[in-house]
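**Q** For reference, the structure I am asking about is given below.
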Amino acid sequence: MLAGTMKTAPFQNRREFHGSLLTQMEEVYAFLQQYNQLGASFEGLLRRDRRDYPEEALREALLNAVVHREYSYSGSTLINIFHDRIEFVSFGGLVQGINLGDLELGISSCRNEKLAALFYRLELIEAYGTGVPKIYESYADTATKPRLEASDHAFRITLPNRNFAKDTQTVQETPAARYMTDLADAMRAKPYFTRQDVEAFLHVSRSQANNRIRELMEQGKVQAHGRGRNRFYTMNR
């Protein structure tokens, strides 16, 4: 993950994944979900929550990078996480005879037929050519749309962060960031807090509460004390 929106920004986190393609896919998807924050907005008295990235788009972009890459190249598939977007970059340009417009229409020519057939049998993909249209459909209610780019030897899918907001001069706090600020302020009012307190405040599952606490710890805002059932946390003042 890069700290900002530019490629020259310093890395905040860097991970490499190894093992079988299925193992890598599962681990990468879990890693991406850690950064798929829940943003909150309000329409009158009603609160509306949505993830930074549609889960369908993340899944299909990841599958595309695995199934359609050119494996004669030895380099790694890259996933770059910025504050305003995620980029999936894989080796292998477009298959001959196919252009970017064709992909948006659902027309596809498979580069790795045996791999695609295996993923189809595992029910990881459906009919060929449905991935890119699904990505665009998941952004139907969003002003900023996904972007496809291709060179002779590489292909990139860019997914915009739906909760990233900025004006012409300054980058403003996103709903996801405000969400975490509200959590930090609420927990700071307590002498200490537990995971259950975070669950109750955010109305989320146990694993999601643990993810939010871990984010605060990575930001240096929280300290953990004790282990197991006796574990509790304090906010840095």
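**Q** Any idea how many residues of the stretch 145-166 are polar (S, T, N, Q) and either more than 16 Å from residue 80 (Cα to Cα) or free of Cβ contacts under 8 Å to residues at least 12 places away in the same chain (or both)?
**A** Matching residues across the stretch 145-166 total 2.
**Q** Select from the stretch 153-184 the residues that are open to solvent by 80 Å² or more (accessible area, probe 1.4 Å) and acidic (Asp, Glu) and write down the one among them that is modelled with the lowest pLDDT.
**A** My answer is 173.
**Q** Considering only the stretch 205-237, state which residues are of a type in the set (A, V, I, L, M) and closer than 16 Å to residue 181 by Cα.
**A** First pass over the stretch 205-237, keeping only residues of a type in the set (A, V, I, L, M): 209, 213, 216-217, 222, 224, 235.
Those that are of a type in the set (A, V, I, L, M) and closer than 16 Å to residue 181 by Cα: 209, 213, 216, 217, 222, 235.
**Q** Hey, another quick one. Taking the stretch 80-99, which residues are over 14 Å from residue 68 (Cα atoms) and exposed (fewer than 14 other Cβ atoms within 10 Å of the Cβ)?
**A** The initial filter retains those residues of the stretch 80-99 that are over 14 Å from residue 68 (Cα atoms), namely 80-87, 97, 99.
Within the stretch 80-99, 97, 99 meet the criteria.
**Q** Quick one: what pairs do we get from the stretch 15-34, first residue more than 16 Å from residue 122 (Cα to Cα), second surrounded by 13 or more Cβ atoms within 10 Å (Cβ to Cβ) and among the acidic types (Asp, Glu), C-beta under 6 Å, 6+ apart or different chains?
**A** Final answer for the pair search is 17/27.
**Q** Just to verify a result, which residue in the stretch 45-82, among those that are free of Cβ contacts under 8 Å to residues at least 12 places away in the same chain and charged (D, E, K, R), is farthest from residue 30 (Cα to Cα)?
**A** 47
**Q** Answer with yes or no whether residue 150 is farther than 21 Å from residue 36 by Cβ and surrounded by 15 or more Cβ atoms within 10 Å (Cβ to Cβ).
**A** Yes.
**Q** Residue pairs, Cβ under 8 Å, 6 or more apart or interchain, first in the stretch 222-237 and farther than 10 Å from residue 187 by Cα, second part of a loop (DSSP other than H, G, I, E, B) and open to solvent by less than 50 Å² (accessible area, probe 1.4 Å). List them.
**A** That search, which allows pairs on different chains as well, returns 231/194; 232/194; 232/226; 236/220.
**Q** On to the next question. Six or more apart or on different chains, Cβ atoms under 7 Å: show the pairs whose first residue is in the stretch 94-107 and part of a helix (DSSP H, G or I) and whose second is open to solvent by less than 70 Å² (accessible area, probe 1.4 Å) and of a type in the set (Phe, Trp, Tyr).
**A** Here the result reads 104/136, each pair linking the stretch 94-107 to a residue that is open to solvent by less than 70 Å² (accessible area, probe 1.4 Å) and of a type in the set (Phe, Trp, Tyr).
**Q** Restricting the search to the stretch 1-52, which residues are at pLDDT below 65 and in contact with a Phe, Trp or Tyr (Cβ under 6 Å, 6 or more places away or on another chain)?
**A** The answer is 2, 5.
**Q** With the requirement that a residue be among the small types (Gly, Ala, Ser), open to solvent by less than 50 Å² (accessible area, probe 1.4 Å) and closer than 16 Å to residue 34 by Cβ, what does the stretch 206-230 give you?
**A** 209
**Q** Can you spot a residue in the stretch 45-60 that is within 17 Å of the chain's Cα centre (by Cα), open to solvent by 60 Å² or more (accessible area, probe 1.4 Å) and under 23 Å from residue 113 (Cβ atoms)?
**A** Looking through the stretch 45-60, at least one residue is within 17 Å of the chain's Cα centre (by Cα), open to solvent by 60 Å² or more (accessible area, probe 1.4 Å) and under 23 Å from residue 113 (Cβ atoms).
**Q** For the stretch 108-132, how many residues are free of Cβ contacts under 8 Å to residues at least 40 places away in the same chain, of a type in the set (Gly, Ala, Ser) and outside any loop (DSSP other than H, G, I, E, B)?
**A** The qualifying residues number 1.
**Q** A further question follows. Give just the number: which of (1) surrounded by 14 or more Cβ atoms within 10 Å (Cβ to Cβ); (2) over 23 Å from residue 78 (Cβ atoms) does residue 121 not satisfy?
**A** (1)
The values are calculated or read from the model by the stated rules, or taken from the named source; none is laboratory data. Model, not experiment: these values are computed from the prediction. All Cβ positions, even for glycine, are placed from backbone atoms using ideal geometry, and neighbour counts span all protein chains on display. Note: accessible area is taken over every heavy atom of the protein model, side chains too, but ligands, DNA and RNA are not part of it. Shrake-Rupley method; radii C 1.70, N 1.55, O 1.52, S 1.80 Å.
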